[in-house]
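The numbers here are math on the coordinates, done by the rules we state, and not lab data. The structure displayed is predicted, hence computed values, not measured ones. Every residue, glycine among them, receives a Cβ derived from its backbone with ideal geometry; neighbour counts consider all protein chains shown.
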Amino acid sequence: MDAAPEFVRYQATQLNTRGIYVGIFGLANGLARSGKLGDVDYQWWQNANAWYDAAYPDPNLSDPTVYDRTHNLYAQAWFKTSAVHLLARIPGYLDLLDRYGVQWEELRSPAPGHFLYEDDVQVVVDPHH
């Protein structure tokens, strides 16, 4: 019998104004858009995001409603722990957030919620409430 797949998510420790826990990519993007990143960090963020954009599928291309707030207000992306090539670059984002005082946490679960989307490296779920 195979063990249940495990999933991992990195997110804010506090709910935002919409009542969601923003993931680390959203947190880093928020820092960049607000102008808080220094030049070196901004360049790193651009390069890191470009790498991730090229490295795995965008769920919105398969299902434009997956992150639509009218359909899936609480949608969250979780990496599959088997996506080691993607997870290997996460510490760069965590270091960035730490340098700017952004609180984050790591969550692991065999069942993070109701699946809205799945591919080889990630799932998007409506989390259990």
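Among the residues of the stretch 57-95, those that are out of contact with any helix residue (DSSP H, G or I) (no Cβ under 7 Å at 6 or more places or on another chain), hydrophobic (A, V, I, L, M, F, W, C), under 23 Å from GLY19 (Cα atoms) and part of a loop (DSSP other than H, G, I, E, B) comprise LEU73, ALA75. Taking the conditions exactly as written (of a type outside the set (Lys, Arg), touching a residue at least 12 places away in the same chain (Cβ under 8 Å) and over 26 Å from PHE115 (Cβ atoms)), does LEU31 satisfy them or not? When the stated conditions are applied, LEU31 passes them.
Hey, any hits in the stretch 43-56 for a residue that's in a loop (DSSP other than H, G, I, E, B) and either of a type in the set (S, T, N, Q) or over 13 Å from the mean Cα position of the chain (by Cα) (or both)? No, that holds for no residue. Based on this model, can you work out whether ASP63 counts as acidic (Asp, Glu) and either exposed (fewer than 13 other Cβ atoms within 10 Å of the Cβ) or under 20 Å from ALA12 (Cα atoms) (or both)? The answer is no for ASP63.
Kindly indicate whether ALA28 is surrounded by 12 or more Cβ atoms within 10 Å (Cβ to Cβ) and within 24 Å of PRO127 (Cβ to Cβ). Answer is yes for this residue. For the structure I just gave you, tell me whether SER34 is surrounded by fewer than 13 Cβ atoms within 10 Å (Cβ to Cβ) and closer than 21 Å to GLY101 by Cβ. So SER34 passes the test. For the stretch 82-107, which positions are surrounded by fewer than 17 Cβ atoms within 10 Å (Cβ to Cβ), in contact (Cβ under 8 Å) with a residue 60 or more places away in the chain and over 13 Å from the mean Cα position of the chain (by Cα)? Once the filter is applied, which keeps residues that are surrounded by fewer than 17 Cβ atoms within 10 Å (Cβ to Cβ), in contact (Cβ under 8 Å) with a residue 60 or more places away in the chain and over 13 Å from the mean Cα position of the chain (by Cα), the stretch 82-107 yields SER82, TYR100, GLN103. For TYR10, the criteria (1) buried (at least 17 other Cβ atoms within 10 Å of the Cβ); (2) more than 16 Å from GLN103 (Cα to Cα) hold in every case but one, which is (2).
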